[in-house]
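> Can you keep this structure in mind? I'll have questions shortly.
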Amino acid sequence: MEDPKPLPQLRATRAGKIAAVALMVFLFAGLVFDVRFAWTTGSLLPQAATRASVLDGTVSKELASRMGDTPIAADAARVQRALGWLTLRDLGPRVRQGCPGWLFLRDELNVYADGDRHLDTRAVTVADAQRALARRGIALLVVVVPDKSRIEPQHLCGLDRPASLSARLDAWTSRLAGEGVAVLDLRPALRGVPGDAFFRTDTHWTQDGAAAAAQAVAQRIRAMDVALGSSKPGYRVADLPAARRPGDLVRLAGLDDLPLSWQPAPEIVARRGYVHEAEEASSADALFGDADLPNLAVIGTSYSTTSDFVPQLALALGTGVGNFAREGGKFGGAARAYFTSAAFAQTPPKLVVWELDERDLQSPLEADDAVVVPAPHANDHATDAGAAHG
């Protein structure tokens, strides 16, 4: 058998030389950044690297994770996202574009395996929390924030929202109602907003959307006839000039570092400022007690920390509201943190408003979803009695 003949050697072209030099520069730059990263962090490899961890892939996985945190990797990712948007109008894996200028979170459109089971598990968690709170004399109201893609379907254009998601909110509210849990679906309130209930380039509602939600929640709370005490709202309202509002979906798509003219069209919105005012003690007793502390606590997601929802709820009710929501808290993050906090143990409220996102109801279960309301201590009543006579 004859040896294979060598392939003909082609002369290097000018373009090929330029590409080769560019590749060498890129590789050298990557080496410099990686060496610098290893020098400043001590080592690229895990400190406890063993033969077993090398063989089972643990070390290579952590090494890849650390390499991904290097400056050149982050810069390359930002360049890639920018080029994807500028050339193909691609917004990455988490963001989708509907009608021109309207962005939506991909999580709202996902259909999850075992989604119904995840929803049912979370409903059991809420029902258990409601019963535990009731034993403490605390009422619970669950408020469900519907998906932006559900409330603004006219702005989806060719973006598909799976039909199987249409029954998700009804399944959730009927499941909780069957357990005796007070639940409020914000669909009617948000659909009644004269303008847009949600921002175009943001996942959250506008101030008008938040105002409609606050009025609906306040109306439901008044119907529950919970004694909320005499604390004052503690806010004054001031009109602010219209200004550009950066959208969190632009940031999530990795486009916030681009020049403004290259980003998705920004929103210019009129604003109202809700300035918190310290409340003066209404009596001598209030100086040394908690008589004027809010008896209403809000837990939930970034919907309760944006668009001034909590100040508008406080003004609608005419009473103070404690805000214990957490950005990125999803279903149980804020609840888990609040129910184990000193604030809950030392100054429990009369009512907890638990705000939830529709898109989180069927998502895979996480560790923070295991929300448990701790049982009251046996000496709580004695402590309260001592405080009353102190």
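> Checking Pro264 against (1) crowded, with 19+ Cβ neighbours inside 10 Å; (2) out of contact with any helix residue (DSSP H, G or I) (no Cβ under 7 Å at 6 or more places or on another chain); (3) modelled with pLDDT of 90 or more, which single condition isn't satisfied?
(2)
> Looking only at segment 212-227, decide whether some residue is in contact with a Lys or Arg (Cβ under 8 Å, 6 or more places away or on another chain) and either surrounded by fewer than 18 Cβ atoms within 10 Å (Cβ to Cβ) or modelled with pLDDT of 95 or more (or both).
Filtering segment 212-227 down to residues in contact with a Lys or Arg (Cβ under 8 Å, 6 or more places away or on another chain) leaves 226-227.
The next check asks that each one be either surrounded by fewer than 18 Cβ atoms within 10 Å (Cβ to Cβ) or modelled with pLDDT of 95 or more (or both); those that pass are 226-227.
Yes: segment 212-227 contains one or more residues that are in contact with a Lys or Arg (Cβ under 8 Å, 6 or more places away or on another chain) and either surrounded by fewer than 18 Cβ atoms within 10 Å (Cβ to Cβ) or modelled with pLDDT of 95 or more (or both).
> Could you list, in sequence order, all residues of segment 151-184 that are under 18 Å from Thr121 (Cα atoms), of a type in the set (S, T, N, Q) and in contact (Cβ under 8 Å) with a residue 24 or more places away in the chain? Walk me through how you get there before you give the answer.
Of all residues in segment 151-184, those under 18 Å from Thr121 (Cα atoms) come to 165, 167-183.
Filter once more, so that each one left must be of a type in the set (S, T, N, Q): 173-174.
Across segment 151-184, the qualifying residue is only Thr173.
> Moving to a separate point now. One residue is enough: does segment 121-136 have a residue meeting the conditions among the acidic types (Asp, Glu) and more than 21 Å from the chain's Cα centre (by Cα)?
yes
> Among the residues of segment 244-259, write down those that are surrounded by 11 or more Cβ atoms within 10 Å (Cβ to Cβ) and more than 21 Å from the chain's Cα centre (by Cα).
The answer is Asp257, Leu258.
> List pairs: first in segment 123-144 and on the phi > 0 side of the Ramachandran plot and modelled with pLDDT of 95 or more, second of a type in the set (Asp, Glu) and buried (at least 22 other Cβ atoms within 10 Å of the Cβ), Cβ under 6 Å, 6+ apart or cross-chain?
none
> Moving on to the next point. Any chance segment 114-124 includes a residue that's crowded, with 20+ Cβ neighbours inside 10 Å and touching a His at 6+ places or on another chain (Cβ under 6 Å)?
No, segment 114-124 contains no residue that is crowded, with 20+ Cβ neighbours inside 10 Å and touching a His at 6+ places or on another chain (Cβ under 6 Å).
> Looking at segment 85-113, which of the residues that are aliphatic (A, V, I, L, M) and part of a helix (DSSP H, G or I) is surrounded by the most Cβ atoms within 10 Å (Cβ to Cβ)?
So in segment 85-113, the residues aliphatic (A, V, I, L, M) come out as 86, 88, 91, 95, 103, 105, 109, 111, 113.
Retained after the next criterion (residues that are part of a helix (DSSP H, G or I)): 86, 88, 109.
On the way: Leu86: 12, Leu88: 8, Leu109: 17.
For segment 85-113, the residue satisfying everything is Leu109.
> Could you figure out which of (1) at pLDDT below 95; (2) closer than 22 Å to Val226 by Cβ; (3) not small (Gly, Ala, Ser) isn't true of Leu176?
Unmet condition: (1).
> Further question: Being among the small types (Gly, Ala, Ser) and in a helix (DSSP H, G or I) is the filter here; which residues of segment 114-140 pass it?
Selection gives Gly115, Ala123, Ala127, Ala129, Ala132, Ala134.
> Shifting gears a bit: Got at least one residue in segment 209-218 being touching a His at 6+ places or on another chain (Cβ under 9 Å) and of a type in the set (A, V, I, L, M)?
Residues of segment 209-218 that are touching a His at 6+ places or on another chain (Cβ under 9 Å), as a first pass: 210.
Now drop any that are not of a type in the set (A, V, I, L, M), which leaves 210.
Yes, segment 209-218 has at least one match.
> Based on this model, can you work out whether Ala242 counts as closer than 21 Å to Ile299 by Cβ and out of contact with any Pro (no Cβ under 6 Å at 6 or more places or on another chain)? Full working, then the answer.
Numbers: closer than 21 Å to Ile299 by Cβ: no; out of contact with any Pro (no Cβ under 6 Å at 6 or more places or on another chain): yes.
Answer is no for this residue.
> Okay, next question. With farther than 18 Å from Asp248 by Cβ, buried (at least 18 other Cβ atoms within 10 Å of the Cβ), touching a Gly at 6+ places or on another chain (Cβ under 7 Å) and not acidic (Asp, Glu) as the only criterion, which of Val193, Val183, Val143 stands out?
Result of the check over Val193, Val183, Val143: Val193.
The values are calculated or read from the model by the stated rules, or taken from the named source; none is laboratory data. All of these numbers come straight from a predicted model, not from anything done at the bench. Neighbour counts run over all protein chains shown; Cβ positions are idealised from the backbone, glycine included.
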